[in-house]
Structures are given as C-alpha cells and as structure tokens.
Amino acid sequence: MQALLVLYMTHYLLLPGPLSHVLGFGPFKRFLEFLNHRPLSGEALASATYGFYAGFVYLTPLAGGLIADRLLGRTATVTIGASLMALGHFLMAFDVSFLLALSCLLIGVGCFKGNIAAQVGDLYAADDLRRADAFQIYYIGIQIAVIVSPLVCGTLGETVGWHWGFGAAGVGMLIGLMIYLKGRYALPKEKTRRGGEVVQRPRITARDRQAVALLVLLIPVLALSLIGNQEIFNAYLVWAEKNFQLIFFGHTMPITWMLSVDAFVSTILMAAAVLFWRWYATRWAEPSEITKMGIGITISAMAPAVLAAASVVVAASGHPVSLGWAFAFHFLNDLGFANVLPVGLALYSRAAPKGLEGLMIAVYYLQLFLGNLLTGYLGGFLDTIPAVNFWMLHVALMLVSAAVLFAARYFVGHILAPSYNAPAKASA
C-alpha cells in the first residue's frame, strides 16, 4: 500500500472516470478537507488520503492490543488481522470497493501489528539487552520483504495495471499468514483461559505509572522525528518522479523501485547497527535506548537536507539530478532510522508494565499515527512552496525532536532505566 497508494491515486483513481465509481468517496473527501482545513484536489488529495491511511494504520493497534491482551490472545488476533489485510488488498483490485478495502486494511493491521511485535518482546526478560538486537533483526526480516514487494507489486501496478499490483499484495499476505502459523511453535506459549476465569495481573507500581506517563508524553516528540522517513512513501515519490534521472537505455525506471533500493540499504544498515552495538558493548557501556534514538534522529535529519540541495541543483540547471543524490538520501535516512524505530520498540516493550505489553506497543505506534497525519498534511504543500523550503522544514522539525529526546534522557531518563532488581524470567 505504501508503494502504490499515492501513485495509484494521482495516476489513475483521481481521474474523473474511475473516481465516479468509488462508493462513498464524496463524503470521504469532505472529511479529509475538514481535517486539513482547506479544499483538496490532485496531489494534495492523494497526500491527505495517504496521511489518513498511514496514520490510522498505527491508531487501530490500540484496539488490537486490548483485544489480544483481554480477550482472544495474540495468535488468534494476529491471524484475524492478517486475513482481513489480505481481503483488503484483494478489494483494492476494484474501483468501487476502494474505501471498503481501506477499512479492512486498517482493522486488519490493528489486530496484527502491535501483537506480532509484542510476541518478539515476550522472548526476552525485561533486563535482557538482546531485546533491542531482536527488534532490529525483526525489522531486518520486514525490510527483506520490502525489497521484494515494490519490485513485484510496484512493477505490476505501474506497467501492467494497478489492480494487478494490489492483487499480488493480497497473495503475499496469505503466504505470510501461512508462514506465521507454521512457525508459531517457536514463539512464547500463551496461557489458555477458561470461561469466567479472572486473570490475575501484576500490581501497577508508582514507578510503572511514571514510566507510562513519560512514554505517552514522548509520542508527539517521536512523531516529529518520523516525517522525513514517512515522506518516502508520499511526497518523495512525487518529487522524485520529476527530479531524478530515471531513463536508462531508453526505458523509464518505475519510481516504486526506489522503495526497494531504500529497503535494501536499510536492511544492510540495520544489520550493521546490530553488529556495531554488540561490538561497542564489549568495550564500553552501551547507551540507553533514548540516547540511541536521539543519535539516529540527528543523522536521519540530514537526509531531507540532501533533497533540499538536490532541489537547488535542479532549479539552477533545469535538468534532473542523478540517482547518486537518491542513494545519499536513503543512506543517511536508513542509517539514522536503524537506531530509531526498532530501538523504540525495544524501549516500549521493556518499560511497559507486565500484562500491558501489547497495549503499550500499540501506544508506541501512536507516534506513527500522528507522524503520518502530519506527513500527509505537509506533503500537500510540495506544489505550493519551493522544494528547498519544503525539505528544510522537515530537517528543522526532526532536529527539534532529537533535541527534546536528549533533554528527556538527561532530566528524566532514570524513570525508564531497567529495573535489575525485578525477578527475571527465562530468556529465549
């Protein structure tokens, strides 16, 4: 969806013919205009739709976490979520069911996303530093899939037909579900519940309440840090189509391939980050998760600055720039975020009170809800302000986020420090 949604809307769905077939799109458009406080059309409408979808993808896991923690358990909730996501992708193959497809995807991701990450966290004791490494490895697995999916779905969508791309994504989701169910034996066992059984949960301490409050307060700060990375699936694709040299040997490269390039670079750098911190820990005290995240955001903030510089070159020369600029952008962005999103998952899963891990990971994903809404809003200004100013605005907001994280680490970081006096459960 991230590879195809904006391009699908700008190149196909928002044209007068297909748009007239979409059930309920008029009220949906008015709702987006209400959220954005302005009329929307063309690229701005596509960007707002992307922001709505990509934002609510990270809000619905709150309900999914509660369902898994209180009712169904994680395995059942993940299975339901993956099935709904596959259905949503298949429904994207038809113009009329566009909004129904988005609904299935949003509900499905809500059931899926936070709970499968919580199962990774359950493999480790609260004071086991391998937890951060585990989430980086978890992200490497995701990134390997992201290398392949734009090459398959993006190429089908851009060259054969958009609906073929979405259909292929649905097939991929079903394959993923079968792999998950086949490998379920390797994940932590879940306690079965009998009808009417009251589940005893550990008592929430004052320290737990302080940690939860701090983790919630950090969500808007982390949301600011995401905007450069999340624009890769939104305004970056639209900007890159016009500003990068994409013609090779008489053929135009599908712009969605840049997402595969990003995933390839990200996978290598994620693995390098894991190895680096393991090497670092053998010689010095390993930094806290917040410190790692602040460092990562500072590095990734330099990535939009590369696009701002490229915009200056394009404006001066009147010609697209080489893909060397794209590689510089992706390298800096992915190097930084190798130490942001997976490390943040490790922090929120470790610091969460026992019995509320799934819910707190869903709270962590609220940063992506807010960040994607902001990204969708900012993306609408790409065609109204100079590109240099557009990208430098992203740099400034990300650096503000890094500064606040460093301040939080200095003044209140002890609240989120591991409690090594707590009883440790068996590590995996």
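The values are calculated or read from the model by the stated rules, or taken from the named source; none is laboratory data. A quick note: this is a predicted structure, and the numbers were derived from the prediction, not measured. Every residue, glycine among them, receives a Cβ derived from its backbone with ideal geometry; neighbour counts consider all protein chains shown. For the accessible areas, the whole protein counts, side chains as well, though only heavy atoms, and no ligand, DNA or RNA atoms are used. Shrake-Rupley method; radii C 1.70, N 1.55, O 1.52, S 1.80 Å.
Going through LEU66, LEU102 one at a time, which residue ends up being within 30 Å of MET178 (Cα to Cα) and open to solvent by 10 Å² or more (accessible area, probe 1.4 Å)?
Working: LEU102 fails: open to solvent by 10 Å² or more (accessible area, probe 1.4 Å).
Just a single option satisfies the conditions, and that option is LEU66.
Figure legend. Inter-residue proximity from region 36-50: first residues under 17 Å from LEU5 (Cα atoms), second residues among the acidic types (Asp, Glu), beta-carbon distance below 7 Å, spacing 6+ or different chains. Indicated pairs: LEU40/GLU33; GLU43/ASP383. With respect to the conditions (1) closer than 23 Å to PRO150 by Cβ; (2) modelled with pLDDT under 95, ALA310 falls short on a single one, namely (2).
Please verify whether region 329-350 includes one or more residues that are open to solvent by 10 Å² or more (accessible area, probe 1.4 Å), over 22 Å from the mean Cα position of the chain (by Cα) and at pLDDT below 95. No: zero hits.
One line per residue, one yes/no per condition, for (1) open to solvent by 50 Å² or more (accessible area, probe 1.4 Å); (2) among the basic types (Lys, Arg); (3) under 29 Å from VAL340 (Cα atoms):
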site: ILE140; (1), (2), (3): no, no, yes
site: GLN143; (1), (2), (3): no, no, yes
site: VAL148; (1), (2), (3): yes, no, yes
site: GLU158; (1), (2), (3): yes, no, no
site: MET173; (1), (2), (3): no, no, yes
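Scanning region 46-56 for residues being of a type outside the set (Gly, Ala, Ser) and buried (at least 23 other Cβ atoms within 10 Å of the Cβ) gives a total of 2.
Taking the criterion of being at pLDDT below 90 and either over 23 Å from VAL363 (Cβ atoms) or among the polar types (S, T, N, Q) (or both), the residues of region 99-129 that qualify are ASN115, GLN119.
Taken over region 126-138, the criterion of being hydrophobic (A, V, I, L, M, F, W, C) and either buried (at least 23 other Cβ atoms within 10 Å of the Cβ) or more than 21 Å from GLY183 (Cα to Cα) (or both) is satisfied by ALA126, LEU129, ALA132, PHE135.
With respect to the stated conditions, SER103 is without any contact (Cβ under 8 Å) to a residue 40 or more places away in the chain, among the small types (Gly, Ala, Ser) and more than 30 Å from ARG350 (Cβ to Cβ). Looking across PHE112, PHE94, PHE90, one residue alone is out of contact with any strand residue (DSSP E or B) (no Cβ under 8 Å at 6 or more places or on another chain), more than 30 Å from TYR139 (Cβ to Cβ) and of a type outside the set (Asp, Glu). It is PHE94.
Conditions (1) under 17 Å from the mean Cα position of the chain (by Cα); (2) part of a helix (DSSP H, G or I); (3) under 23 Å from VAL261 (Cα atoms); (4) hydrophobic (A, V, I, L, M, F, W, C), marked per residue:
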| position | (1), (2), (3), (4) |
| --- | --- |
| ALA118 | yes, yes, no, yes |
| TYR124 | no, no, no, no |
| ASP128 | no, no, no, no |
| ILE137 | yes, yes, yes, yes |
| GLY141 | yes, yes, yes, no |
| ALA145 | yes, yes, yes, yes |
| PRO150 | yes, yes, yes, no |
| CYS153 | no, yes, yes, yes |
| LEU156 | no, yes, yes, yes |
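Residue count for region 251-294, restricted to those that are open to solvent by 70 Å² or more (accessible area, probe 1.4 Å) and either assigned to a helix (DSSP H, G or I) or modelled with pLDDT under 85 (or both): 9.
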